[in-house]
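Only one structure is covered here, and it is reproduced in the block below.
The values are calculated or read from the model by the stated rules, or taken from the named source; none is laboratory data. Source: prediction; values computed, not measured. Cβ atoms come from the backbone with ideal geometry, glycine included; neighbour counts cover every protein chain shown. Areas reflect the complete protein model, heavy atoms only, side chains present, ligands, DNA and RNA absent. Shrake-Rupley method; radii C 1.70, N 1.55, O 1.52, S 1.80 Å.
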Amino acid sequence: MSRSCVNFLKTMVINLNFLCWLCGAFVVAFGEFQMIHSRYASLITTFWPIYPANTLVVTGTIVMCVCYIGVLGGMRENRCMLISFFLLLVILMLVELAMALVFLVYSREIDSYFEKDLMQSLEIYRQSSPEGNKTIKDDFDAVQHLFRCCGVHGEADWKGNVPVSCCTKDPCSVRFQTNWKEGCVDKLKNWFAHNYLSTGAGVITMFIIQVICLSITIPLFCHFKRRGLGYQ
């Protein structure tokens, strides 16, 4: 392999891994933004690891670490770093595929647990004292106010003790309170689905970049091995 071809492959490996590292950094930043501004995590506890913000932060952090090794391996022509990058990237891609299969196979089960968690949170809210379980109350009120919904399936879930956050008017008249008729479970499911769609599009983009990185890393590693380079 000519030196110009090797330099081209090195440049491609470095640039693609740096691009992938930037994507990972953006994913982490977006996940942190969601953690700060979304207030629904306390209501969904059974599947908290697949909460969009958690998924984004964990996935982005791993991608950044793996791509950093790839950038260094290409810059220093280090076989040890390149083979470590190759193996870690293969494992990461297998994990991404496994997560996609889990979502496809267990999507209905996740929906049932989603509804169960919301009902449990509503019961905690309904049976708590005015000063108790402040986090769940604030989060449930925020959901009802933002999505213009009431209860899990509807106003009847509150069994007569309907909070002010269900009111359709702002400010609300307590004596003549009119509440949203639609439940929150469907609206929250749609919100989560939209977030997972955005997350999935980003993961697919990174997956394509990762496949290209793997295909370029193999001939570069083989060249370094034939020349006895790469362990300096």
Q) In the structure displayed, which of Lys159/Lys181; Lys116/Lys189; Lys169/Lys189; Lys137/Lys159 lie more than 18 Å apart, Cα to Cα? A) Lys169/Lys189
Q.
Taking R0 as 30 Å, what FRET efficiency do you get between Arg148 and Phe176 from their Cβ-Cβ distance, rounded to the nearest 0.05?
A. 0.95
Q.
Please compute the length gained on full extension between Thr61 and Gln120, using 0.36 nm multiplied by the number of residues separating them and subtracting their Cα-Cα distance.
A. 18.0 nm
Q. Which whole-number value in Å² is the accessible area per residue of segment 115-174, probe 1.4 Å?
A. 56 Å²
Q: Using the Cα centre as the reference, give the magnitude of the dipole from point charges on the C-beta atoms of segment 81-173 (Lys, Arg: +1; Asp, Glu: -1; all else neutral), rounded to the nearest 20 debye.
A: 80 debye
(Q) Counting only protein heavy atoms and a 1.4 Å probe, tell me what percentage of segment 112-168's accessible area is made up of carbon and sulfur. (A) 50 percent
Q | Hz values of 3J(HN,Hα) by residue in segment 156-166 - Karplus curve (6.51, -1.76, 1.60), Gly and Pro given as x | A | 5, 4, 7, 6, x, 9, 7, x, 5, 5, 7
Q: Show the residues, 5+ positions off or on another chain, whose built amide H is closer than 5 Å to the amide H of Asn179.
A: Thr168
Q: Calculate one ³J(HN,Hα) per residue across segment 132-141 by plugging θ = phi - 60° into the Karplus curve 6.51 cos²θ - 1.76 cosθ + 1.60, and present them in order as whole Hz with x for glycine and proline.
A: x, 6, 4, 5, 5, 5, 4, 5, 5, 4
Q.
Can you give me the distance in nm between label points at His194 and Ile91, each placed 7 Å from the Cα along the Cα-to-Cβ direction?
A. 3.7 nm
